[in-house]
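For reference, the structure discussed in these notes is given below.
The values are calculated or read from the model by the stated rules, or taken from the named source; none is laboratory data. All of these numbers come straight from a predicted model, not from anything done at the bench. Cβ placement follows ideal geometry from the backbone for every residue including glycine, while neighbour counts extend to all protein chains displayed.
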Amino acid sequence: MSVVISSVIVVSLILAVLSRWGDTMSEKKLDPFTAVRAEYAALQAREDLAVATVAGGCFWCMEGPFEAMDGVEEVIVGYAGGSVENPKYEQVISGETGHREAVQIFFNPEQISYAEILEQYWWQIDPTDADGQFADRGAQYTTALFYHDPEQQKEAELQITNLNETGRYDAPIVTEVLPFTNFYVAEEYHQDFYQKSSEYYQNYKSGSGRAEYIEEMQRRYRQD
């Protein structure tokens, strides 16, 4: 499927979702940020959890794989690295705010390591694409690892070096390793989207080309 055709499918799905959830929020007079911001604050306050912040293109596709991992408490989708405070989805996808769609992964470091989080990350993305991910084009969809401390930076850089040496990819990895600066939670209707709107999600993941890519890469290279 060409990128142009895939992009048309993706845009159509996004518009349908925005219309559906926008109508729901309007009818109920709900703030789309209130509940998730409260949940996020509670997660941040927990001293037993560590956090990883990663960008891998459309955040709908980045939540489920990490939530399935033992030791991961919660995954919050949002916007990282931009210059506008508390942006809305429509602002971010315009590409004008400097944010990337991203996820924050809250995990118990006694049960799972940051290294294991990153190993899962590489299987969900094409780290050689400098202009976006699959049908989603633009800086807001590019990949990045936002480190929270020197140990995370070291691990991220080490894994990139090692992966480049394996020959798994046909081109060098271009995923950026950047210091964490900010993260703003996305609207409630984006949280757990893969569960709330599973049909939309599956159509999007397939139509964008991501599902086919992941399946092929895992068929070729994954041993576990």
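Remarks
- Selection status of residue 176, of a type in the set (Asp, Glu), in contact with a helix residue (DSSP H, G or I) (Cβ under 9 Å, 6 or more places away or on another chain) and closer than 30 Å to residue 36 by Cβ: no
- All positions within the stretch 95-134 that are at positive phi and of a type outside the set (Gly, Ala, Ser): 134
- Hits in the stretch 126-157 (condition: of a type in the set (A, V, I, L, M, F, W, C), in contact (Cβ under 8 Å) with a residue 60 or more places away in the chain and under 14 Å from residue 52 (Cβ atoms)): 144, 145, 146
- Number of residues in the stretch 27-64 that are closer than 29 Å to residue 209 by Cβ, in a helix (DSSP H, G or I) and among the hydroxyl-bearing types (Ser, Thr, Tyr): the value is 0.
Residues are listed down the side, and each one gets a yes or a no for (1) closer than 15 Å to residue 122 by Cβ; (2) in contact with a helix residue (DSSP H, G or I) (Cβ under 8 Å, 6 or more places away or on another chain); (3) among the charged types (D, E, K, R); (4) crowded, with 19+ Cβ neighbours inside 10 Å:
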{"position": "169", "(1), (2), (3), (4)": "yes, yes, no, no"}
{"position": "181", "(1), (2), (3), (4)": "no, no, no, no"}
{"position": "197", "(1), (2), (3), (4)": "no, yes, no, yes"}
{"position": "203", "(1), (2), (3), (4)": "no, yes, no, no"}
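- For the stretch 70-101, the set of residues classified as hydrophobic (A, V, I, L, M, F, W, C) and buried (at least 16 other Cβ atoms within 10 Å of the Cβ) consists of 72, 75, 76, 77, 80, 92, 93, listed by residue number.
- Subset of the stretch 179-214 [more than 22 Å from residue 38 (Cβ to Cβ), touching a residue at least 40 places away in the same chain (Cβ under 8 Å) and of a type in the set (A, V, I, L, M)]: 214
- Test: residue 35 is touching a residue at least 24 places away in the same chain (Cβ under 8 Å) and touching a Leu at 6+ places or on another chain (Cβ under 9 Å): no
- Count of the stretch 145-154 residues, restricted to those that are surrounded by fewer than 19 Cβ atoms within 10 Å (Cβ to Cβ) and either in contact with a Leu (Cβ under 7 Å, 6 or more places away or on another chain) or not polar (S, T, N, Q) (or both), is 5.
- Meets criteria (under 24 Å from residue 79 (Cα atoms), modelled with pLDDT under 95 and surrounded by 11 or more Cβ atoms within 10 Å (Cβ to Cβ)) for residue 208: no
- Those residues of the stretch 75-92 which are among the aromatic types (Phe, Trp, Tyr) and in a helix (DSSP H, G or I), in sequence order: 89
- Matching residues, the stretch 100-142, being over 12 Å from the mean Cα position of the chain (by Cα) and farther than 22 Å from residue 209 by Cα: 106, 107, 108, 109, 110, 111, 112, 113, 114, 115, 116, 117
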